[in-house]
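Novice: The structure under discussion is supplied below as structure tokens; questions concerning it will follow.
The values are calculated or read from the model by the stated rules, or taken from the named source; none is laboratory data. The structure presented is a predicted model; accordingly, all values stated were derived computationally and were not measured. Virtual Cβ from ideal backbone geometry, glycine too; neighbours counted across all protein chains shown. Ligands, DNA and RNA are excluded from the accessible area calculation, which covers all protein heavy atoms including side chains. Shrake-Rupley method; radii C 1.70, N 1.55, O 1.52, S 1.80 Å.
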Amino acid sequence: LSLEKIIPAEAGMKLLRVENKTHTGGKIQTCFHDGRTMLSDKAGFRTGDVVLFDLEKKTIRETIKLEKGSVALITGGSSAGMTGKVSDIIVTKSPMPNQIVVETEGKKIMLPKHYIFVLGAKEPVIKRGAVVR
């Protein structure tokens, strides 16, 4: 681990992964990985997508889709901490979780969807601490 100085422009932003969505009283309640929830009339994202959240205004600035070509951080398993590009998304029609194939350091790794945290469409939205290998 190492400390890095935060760029002032990025200090008020946070990436939040969408974990769950439910309908409640005509609105959509979105649950994020850090325990936050948000009510809205419509949500332009799916579970696994990541939003760039403005901490001061408490609004979503940008949605980052989990799709082929996206830059992602691996958060679990023996490859935790590595970053790479999503090369394939395998939807399973079973109780098993969907699988994501991430290309990193010249090899492809297949991981469960919940081990993936998208950082950006082509490059990380927040630059500090996100190094693509």
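Novice: Counting only residues that are open to solvent by 40 Å² or more (accessible area, probe 1.4 Å) and more than 14 Å from the chain's Cα centre (by Cα), how many does the range 66-79 have?
Specialist: Summing the residues that are open to solvent by 40 Å² or more (accessible area, probe 1.4 Å) and more than 14 Å from the chain's Cα centre (by Cα) in the range 66-79 gives 2.
Novice: Next up: Restricting to the range 80-133, and then to whatever is at pLDDT below 90 and in contact with a helix residue (DSSP H, G or I) (Cβ under 8 Å, 6 or more places away or on another chain), can you tell me which residue is most open to solvent (accessible area, probe 1.4 Å)?
Specialist: Arg128
Novice: How about the range 1-35: which of its residues are open to solvent by less than 90 Å² (accessible area, probe 1.4 Å), within 17 Å of Ile126 (Cβ to Cβ) and over 13 Å from the mean Cα position of the chain (by Cα)?
Specialist: Ile7, Ala9, Glu10, Ala11, Gly12, Met13
Novice: Loosely packed, with under 12 Cβ neighbours inside 10 Å, touching a strand residue (DSSP E or B) at 6+ places or on another chain (Cβ under 9 Å) and modelled with pLDDT of 90 or more: does that describe Thr63?
Specialist: Judged against the criteria, Thr63 is not a match.
Novice: Continuing with this model, one more query. For the range 1-34, name all the residues that are touching a residue at least 60 places away in the same chain (Cβ under 8 Å), assigned to a strand (DSSP E or B) and not basic (Lys, Arg).
Specialist: Scanning the range 1-34 gives Met13, Leu15.
Novice: Give just the number: which of (1) within 11 Å of Val71 (Cβ to Cβ); (2) out of contact with any Asp or Glu (no Cβ under 7 Å at 6 or more places or on another chain) does Val125 not satisfy?
Specialist: (2)
Novice: Right, something else. Lys58 - would you say it is over 15 Å from the mean Cα position of the chain (by Cα), open to solvent by 80 Å² or more (accessible area, probe 1.4 Å) and closer than 26 Å to Gly12 by Cα?
Specialist: Judged against the criteria, Lys58 is a match.
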